[in-house]
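In what follows, a structure is listed as structure tokens, so that the remarks can point back to it.
Readers should treat all values here as calculations from the given coordinates under stated rules, not as data from a laboratory. Predicted model only: the values in this text are computed from it and were never measured. Please note: Cβ atoms are built from the backbone with ideal geometry, for glycine as well, and neighbour counts cover all protein chains shown.
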Amino acid sequence: MIATDNVIKQVAQAKRYTKLVECYRSKFDDDGVFALGYVVDASEQFVLIHNVDQRITLDGYTMLRIADLTQFDVEVEQAQFIEKALAIRKKEIKRPVLVDLTDMETMLFSIEQNYPLVAIYREDVDPDACWIGSIDSITDKTVTLNEMDPDAKWNGSKRFRLDEITRIDFDGGYETALALVAKL
């Protein structure tokens, strides 16, 4: 799937003006909006969103492949309310430290250097699963993850092909809680 020119233009506009956006990926998400947040970075291949969660607070980052985006709205209903709530709570939209979106290998390496855990999604292969852990090694074709279970215990290693990764989450509340319990 290839993103439309309109989606690509909207991603660039949202990055330039730090706009609240709604992302849709009809291939993976049947129930409407997939992500709500602020575009903090983008490349030709990827968009990086600072997520706004249901509690109207900032909750980590999500990387999506631009090619998977079927709709990208920069006019968000209730945007003024959301922005005002974030301001009152003193939540600041930030670009994550030193995350490089050049390509999947470089991105994973840069995330691994700055964040203890990452969530990897392969929605084309297994749409109902994600794997959370620390990155053990990266090649130009694969990443090996030291997997962590929901009790913050190490669960062995798992290798993934980079071209199968559809989404990456990091620095969110759940990943941070796992890292704290695991004392990372």
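For region 123-184, trypsin sites (Lys or Arg not before Pro) meeting the loop criterion (DSSP other than H, G, I, E, B) and having at most 10 other Cβ atoms within 10 Å: Lys183. Here the Karplus curve 6.51 cos²θ - 1.76 cosθ + 1.60, taken at θ = phi - 60°, turns the phi angles of region 58-73 into couplings of 7, 9, x, 10, 10, 9, 10, 7, 4, 4, 7, 6, 9, 8, 9, 9 Hz, with x standing for Gly and Pro. Charging the Cβ of each Asp and Glu at -1 and of each Lys and Arg at +1, and nothing else, the dipole of the chain about its Cα centre rounds to 660 debye.
How would Asp136, Asp128, Asp151 line up from fewest to most surrounding beta-carbon atoms within 10 angstrom?
Listing Asp136, Asp128, Asp151 from fewest to most nearby Cβ atoms yields Asp128, Asp151, Asp136.
Check the straight Cα-Cα distances from Lys90 and name the aspartates and glutamates below 17 Å, setting aside those fewer than 8 residues away within the same chain. Once the sequence-local aspartates and glutamates are set aside, what remains near Lys90 is Asp53, Asp59. Computed over the chain, the per-residue total of -39500 (n - 2.57) for DSSP H runs of n ≥ 4 gives a 222 nm mean residue ellipticity of -7000 deg cm²/dmol, rounded to 500. Of all lysines in the structure, the ones whose alpha carbon falls short of 26 Å from that of Lys94, not counting any fewer than 8 places away in one chain, are Lys9, Lys15, Lys19, Lys84, Lys183. Of the trypsin sites (Lys or Arg not before Pro) found in region 40-85, the ones in coil according to DSSP and having at most 14 other Cβ atoms within 10 Å of their Cβ are Arg55. With contacts taken as Cα pairs under 8 Å at a separation of at least 6 residues, region 124-184 carries a relative contact order of 26 percent.
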